[in-house]
Amino acid sequence: MQVSFLEDLKNDKGTLVFFCIKNNPLEKYLSNINTKSKGFINKAIKISGLEYNNNSNVELILPQHSKADRIILIGVDYSKINNVYDWGRLGSYVTSVLNTKKIKKIKLIVSALEKIKIDEANILYGMVLNTYRFNKYFTEKKKKRENHFNKVTLISKNHKIIKSKWSRYNALKEGVFLTRNLVSEPSNNLTPSLLAKEAAKLKSYGLKVNILDEKKLKSLKMGALLGVAQGSANKPFVVSLEWKGNPKSNTYDFSFVGKGVTFDTGGISIKPSGGMEEMKYDMGGSAVVLGLMKSLALSKVKSNISAVVGLVENMPSGTAQRPGDVVTSMSGKTIEVINTDAEGRLVLADAVWYAQKTFKPKNLIDLATLTGAIIVGIGQEKAGMFSNSDKLAALLDKAGKEVGEQVWNMPIDSSYEKDISSDIADMKNVGSGRGAGSTAGAIFVKRFIKDVNWIHLDIAGVTWAKSDKPMIPKGGTGFGVRLLEEMVIKYINN
Ligand code: BES
Ligand code: MG
Ligand code: ZN
């Protein structure tokens, strides 16, 4: 979507989109048109029954002698808008309306009320997020879910301020779209090595990217991650990324770590075939980390940020690891692999350890599509959050509520530790009972966390949308990019 800005409506051709506000629907341009047309706008609002609920519109095709071809009125109630997410949602609605009418470009007039602080940048963000499509594999145009709308000129007196604010959201959009593309990509075209190549492309945004191949992983003794990878013909990789936005400091404020299982069959503890295709998105954590790093680099955040993604494919084969195998992680701790389908935590064990050793970050946040149990527990609206720092968790919770990517604080106290004790190794990779499956995963990862503020986000439920949501066409959601970007900005400004 192309975005441009203008101070005034000069050449009012084409399609004009107006926000009509409850109790005060006719802003100055509209009221002008209304007067000139002897009350046409007022009549249209009345006859069409336009509702002021942020979810209603009326289309007016204009007669031959008028300059513009059509006007679309969006019924808005600003009192129902409470945070940046709600502004985005309104923008997203505008895109839906335009796409159903196959409209390609518009002029958007939002200069409605002086008293209300309108968040135009977030309206634009919501608009553009809803234009996303993953159409690359359709060869027939009619089967595509087309996005028609791709150009907006925003008309506002504050266009300069909005333009500078927009650059942050444009960067964010770039990151979210990268994440969505990677999550939606089928696993035959996104093996660990191909995903590592995608990460390497981020060098062009000023990120330092370091790719560790299997030989290097062996020399680092990443036995937990390598054990998962050993059943696959596609070799594993670990990739680290660095953004030095604060060159005066040599410490990292954050390290983000992502699970990148490019396909999870379950391994020898194989999954049922029904729905297994969904496991292409088991690299969602790594995709969020890459999208986030792209966004942070594009908006040149003034902070040093590092990242690590662990990229493997979990396959059953003659070389695959067996239930009951014991592996030694990079930390030196040993793990009894009871279930080869609990592979994400094995990948994270070495990835978080490597991130801590290499970058010594102040805060570490890992993201992983780790457990089906998190979906059973809290569904697909929120990510499960597990943390050793109430302060960091509170900050993320706040960020989540504002941007509409919510997290829910889950238990991870020491009472759960015994769940993963093994008879023959330092720990086993699954819990003993049937309960608290997501906590068992988190408590396992915690064993590899040392003296760092840490959050584990279980994003198994939020990475994929089975149906359209505001700002999210069905498919890969990109959940986490915006949340963590907001968190970084909040942290810097604290
Ligand atoms: N990748 C899965 C978790 C998952 C499930 C992600 C559904 C997205 C949607 C993970 O590797 C897994 O298989 N977890 C097991 C853990 C169990 C063996 C302890 C699970 O959730 O069943
Ligand atoms: Mg699994
Ligand atoms: Zn998995």
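Numbers at a glance
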| quantity | calculated |
| --- | --- |
| Any pair with Cβ under 9 angstrom, 6 or more apart, that starts in region 293-318 at a residue that is under 11 Å from residue 245 (Cβ atoms) and in a loop (DSSP other than H, G, I, E, B) and ends at one that is open to solvent by less than 10 Å² (accessible area, probe 1.4 Å) and among the aromatic types (Phe, Trp, Tyr) | 303/254 |
| Residue within region 248-257 that is open to solvent by less than 10 Å² (accessible area, probe 1.4 Å), within 16 Å of ligand 3 (Cβ to nearest atom) and farther than 24 Å from residue 479 by Cβ present | no |
| Subset of region 336-368 [touching an Asp or Glu at 6+ places or on another chain (Cβ under 7 Å), open to solvent by less than 10 Å² (accessible area, probe 1.4 Å) and either polar (S, T, N, Q) or more than 13 Å from ligand 2 (Cβ to nearest atom) (or both)] | 352, 363 |
| Cross-chain or 6+ apart pairs with Cβ under 6 Å, region 340-358 first and over 19 Å from residue 263 (Cβ atoms) and more than 14 Å from ligand 3 (Cβ to nearest atom), then of a type in the set (Ser, Thr, Tyr) and open to solvent by 20 Å² or more (accessible area, probe 1.4 Å) | 353/331 |
| Exclusive hit being open to solvent by 40 Å² or more (accessible area, probe 1.4 Å) and in contact with a helix residue (DSSP H, G or I) (Cβ under 6 Å, 6 or more places away or on another chain), set 123, 161, 116 | 116 |
| Whichever residue in region 432-476 is under 20 Å from residue 279 (Cα atoms), open to solvent by less than 30 Å² (accessible area, probe 1.4 Å) and assigned to a loop (DSSP other than H, G, I, E, B) and, among such residues, is nearest to ligand 2 (Cβ to nearest atom) | 460 |
| Helices (runs of 4 or more DSSP H) within region 1-110 that include 3 or more residues open to solvent by less than 40 Å² (accessible area, probe 1.4 Å) and among the hydrophobic types (A, V, I, L, M, F, W, C) | 40-48, 84-100 |
| Residue within region 267-279 that is in contact with a Pro (Cβ under 9 Å, 6 or more places away or on another chain), within 16 Å of ligand 1 (Cβ to nearest atom), among the small types (Gly, Ala, Ser) and in a loop (DSSP other than H, G, I, E, B) present | yes |
| Count of region 161-193 residues which are farther than 30 Å from residue 233 by Cα and free of Cβ contacts under 8 Å to residues at least 40 places away in the same chain | 2 |
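The values are calculated or read from the model by the stated rules, or taken from the named source; none is laboratory data. These numbers were taken from a predicted model, which means no experiment stands behind them. Don't worry about glycine lacking a Cβ; one is built from the backbone with ideal geometry, like all the others, and counts go over all protein chains shown. Remember, those area values only see protein heavy atoms, side chains included, never the ligands or the DNA or RNA. Shrake-Rupley method; radii C 1.70, N 1.55, O 1.52, S 1.80 Å.
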